[in-house]
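Notes follow once the structure below has been shown.
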Amino acid sequence: MPTHVPAEAHGDERGALLAFLEAQRGGLRRAVLGLTDEQAKERPSASELSLGGLVKHVAEVEQRWLEIAQQREHSVPRDQSNWHLSFRLQDGETVAGMLAFWDGVAAETEKFVRAVPSLDDTFPLPPAPWFPKDARQSMRWLVLHLIEEVARHAGHADIVRESLDGKTAFALVDEERTAQEG
């Protein structure tokens with residue numbers, strides 16, 4: 001996964017936005033590189049965040065936003081009573097399983113974004129106290145928001161991973177590159 005998105009790699013605005021989203025996903029994926037499921041469940045800092053939980057949360061949130069934009073029912077119902085579960089691997093859930101789930105969501109996101117007639121097309125935001133009544137957002141906003149969401153949590157993941165075993169994002173980039181070349 002690239003950490004730098006070269007201009008020629010994307011071809012157009014959609015491609016650029018999707019490439020930046022994928023680069024941020026890569027940062028979070030690298031944070032779990034080489035960890036066991038038990039290590040990925042650990043919470044080594046003052047935060048309640050774990051690396052496995054961050055992967056699960058970001059995958060679910062990306063899927064949720066895709067469903068909102070497509071005006072579909074949520075496949076993973078979350079509300080105030082169970083929102084915290086989106087940040088924790090539950091019994092039977094694994095990092096590999098969450099990464100595979102996220103890969104499927106990412107493929108669906110890319111297919112959807114490439115298929116919409118225009119990034120200026122809009123969709124209604126769901127009723128929520130933090131959204132204006134009857135608000136709409138563009139498909140461009142959707143992808144930018146996903147980049148923002150993943151980047152925020154990739155930063156959290158960097159801190160959790162470094163707290164867990166001292167590995168920094170740069171060390172993990174090298175490990176990933178070595179593994180791909182080997």
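The values are calculated or read from the model by the stated rules, or taken from the named source; none is laboratory data. In this text, all values refer to a predicted model and were calculated from it rather than measured experimentally. FYI the Cβ positions are ideal-geometry reconstructions off the backbone, even for glycines, and counts take in every protein chain you see. Calculation scope for accessible area: heavy atoms of the full protein, side chains included, ligands and nucleic acids excluded. Shrake-Rupley method; radii C 1.70, N 1.55, O 1.52, S 1.80 Å.
So the check is Cβ under 6 Å with 6+ separation or different chains; which pairs have a first residue in region 61-80 that's of a type in the set (Asp, Glu) and a second one that's open to solvent by 50 Å² or more (accessible area, probe 1.4 Å)? Short answer, once both residue conditions are applied: 67/74. For region 119-131, a residue qualifies if it is in a loop (DSSP other than H, G, I, E, B) and over 22 Å from residue 78 (Cβ atoms), and the qualifying residues are 119, 120, 121.
Can you go through 151, 171 and tell me which one is out of contact with any Cys (no Cβ under 8 Å at 6 or more places or on another chain), of a type outside the set (D, E, K, R) and within 29 Å of residue 126 (Cβ to Cβ)? Before you say what the answer is, go through the steps one by one.
Working: 171 fails: within 29 Å of residue 126 (Cβ to Cβ).
So the residue among 151, 171 that is out of contact with any Cys (no Cβ under 8 Å at 6 or more places or on another chain), of a type outside the set (D, E, K, R) and within 29 Å of residue 126 (Cβ to Cβ) is 151.
Considering region 124-144, the residues that are open to solvent by less than 50 Å² (accessible area, probe 1.4 Å) and out of contact with any strand residue (DSSP E or B) (no Cβ under 8 Å at 6 or more places or on another chain) include one that is nearest to residue 20 (Cα to Cα), namely 143. Just to check your reading of the model, which residue among 167, 133 is over 14 Å from residue 63 (Cβ atoms) and in contact with a Lys or Arg (Cβ under 9 Å, 6 or more places away or on another chain)? So the residue among 167, 133 that is over 14 Å from residue 63 (Cβ atoms) and in contact with a Lys or Arg (Cβ under 9 Å, 6 or more places away or on another chain) is 167. In the set (1) touching a helix residue (DSSP H, G or I) at 6+ places or on another chain (Cβ under 6 Å); (2) not in a helix (DSSP H, G or I); (3) not aromatic (Phe, Trp, Tyr), the condition left unmet by residue 109 is number (2).
For residue 47, the conditions (1) without any contact (Cβ under 8 Å) to a residue 24 or more places away in the chain; (2) open to solvent by less than 50 Å² (accessible area, probe 1.4 Å); (3) under 18 Å from residue 163 (Cβ atoms) all hold with the exception of (1).
Per-residue answers, yes or no, for (1) among the charged types (D, E, K, R); (2) assigned to a loop (DSSP other than H, G, I, E, B); (3) within 12 Å of the chain's Cα centre (by Cα):
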{"site": "53", "(1), (2), (3)": "no, no, yes"}
{"site": "56", "(1), (2), (3)": "yes, no, yes"}
{"site": "59", "(1), (2), (3)": "no, no, yes"}
{"site": "67", "(1), (2), (3)": "yes, no, no"}
{"site": "71", "(1), (2), (3)": "no, yes, no"}
{"site": "74", "(1), (2), (3)": "no, yes, no"}
{"site": "81", "(1), (2), (3)": "no, yes, no"}
{"site": "85", "(1), (2), (3)": "no, no, no"}
{"site": "91", "(1), (2), (3)": "yes, yes, no"}
